[in-house]
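Please read the structure below before turning to the comments.
The values are calculated or read from the model by the stated rules, or taken from the named source; none is laboratory data. Bear in mind that the values here come from a model prediction, so they are computed numbers and not experimental data. Virtual Cβ from ideal backbone geometry, glycine too; neighbours counted across all protein chains shown. Heavy atoms of the whole protein, side chains included, go into the accessibility calculation; ligands, DNA and RNA do not. Shrake-Rupley method; radii C 1.70, N 1.55, O 1.52, S 1.80 Å.
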Amino acid sequence: MTGYLASFEPAMRQALAEAAAAGADVPVGAVVLAPSGDVVGRGRNQREADGDPTAHAELIAIRAAGRAIGSWRLTGCTLVVTLEPCTMCAGALLAGRLSRLVYGAHDPRAGAAGSVWDVLHDARLGEPVEVVSGVLADECADLLRKFFEERR
């Protein structure tokens with residue numbers, strides 16, 4: 001990986017570390033980068049741990065970023081996540097006005113950043129979000145694949 005995609009590799013490695021710490025939850029991890037590049041929010045799936053259907057890694061990281069920045073407006077921020085967001089999480093990206101999404105593995109079942117739906121580029125929903133896909137995609141997909149193989 002070179003150039004622009006490679007610039008997101010360190011943040012994706014942090015998101016992978018979050019995913020690996022998800023315990024009994026599906027291993028998805030996320031970090032939010034401020035415009036400066038500093039991590040201002042972290043999250044991992046916690047639906048099982050919290051008994052909360054909305055406890056997706058993206059939402060947890062976005063909430064943490066809002067608290068760290070002191071505003072719900074996260075303009076200029078980047079969400080880095082190991083799996084393509086679902087429609088709920090894509091909606092949260094738009095609601096929080098994040099400027100960029102970077103994700104690893106595609107989600108052909110529920111992906112809302114281009115795989116099944118393209119929520120982040122629907123002009124009816126607001127400013128489009130820059131989408132960068134495929135950063136450490138194999139590592140992100142392997143983590144998920146191993147998780148589900150162990151449960152079968």
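Per residue, the chain exposes 50 Å² of accessible surface when a 1.4 Å probe is rolled over the protein heavy atoms with every protein chain present.
Under 5 Å between amide hydrogens, which residues at least 5 positions from residue 41 or on another chain qualify, with H placed 1.01 Å from N in the peptide plane? Here 32 satisfy the definition.
Sorting the segments 22-30, 80-88 by their mean number of nearby beta carbons within 10 angstrom, highest to lowest, gives 80-88, 22-30.
Taking 7 Å steps out from each Cα toward its Cβ at residue 73 and residue 152 produces label points 4.8 nm apart. Counting only protein heavy atoms and using a 1.4 Å probe, what share of the accessible area of the chain belongs to carbon plus sulfur, as a whole percent? That fraction is 52 percent. Between residue 7 and residue 139, the simple label model (points 7 Å from Cα in the Cβ direction) yields a spacing of 1.9 nm. How big is the gap, in Å, between the Cα center of region 79-152 and the Cα center of region 22-36? The two parts, judged by their Cα centres, are 12 Å apart. Per q in 0.09 1/Å, what log10 I(q)/I(0) does a Debye calculation on the alpha-carbon atoms of the chain return? Debye intensities relative to I(0), on a log10 scale: -0.24. Neighbours of residue 103 by Cβ distance under 11 Å: Lys/Arg scored +1, Asp/Glu scored -1, total -2. Among beta bridges from DSSP that stay inside the chain, the antiparallel ones total about 55%. In a Debye calculation with equal point scatterers on the alpha-carbon sites of region 6-53 and no solvent, what is log10 I(q)/I(0) at q = 0.19, 0.26 Å⁻¹? Reported log10 I(q)/I(0), two decimals: -0.59, -0.89. Other residues with beta-carbon under 11 Å from the beta-carbon of residue 12 carry, at +1 per Lys or Arg and -1 per Asp or Glu, a net charge of -2. Here the gap between residue 118 and residue 49, fully extended at 0.36 nm per residue and compared with their Cα-Cα distance, gives a gain of 21.9 nm. Per-residue ellipticity at 222 nm computed for the chain from its helices equals -11000 deg cm²/dmol, with DSSP H segments shorter than 4 residues left out and the rest contributing -39,500 (n - 2.57).
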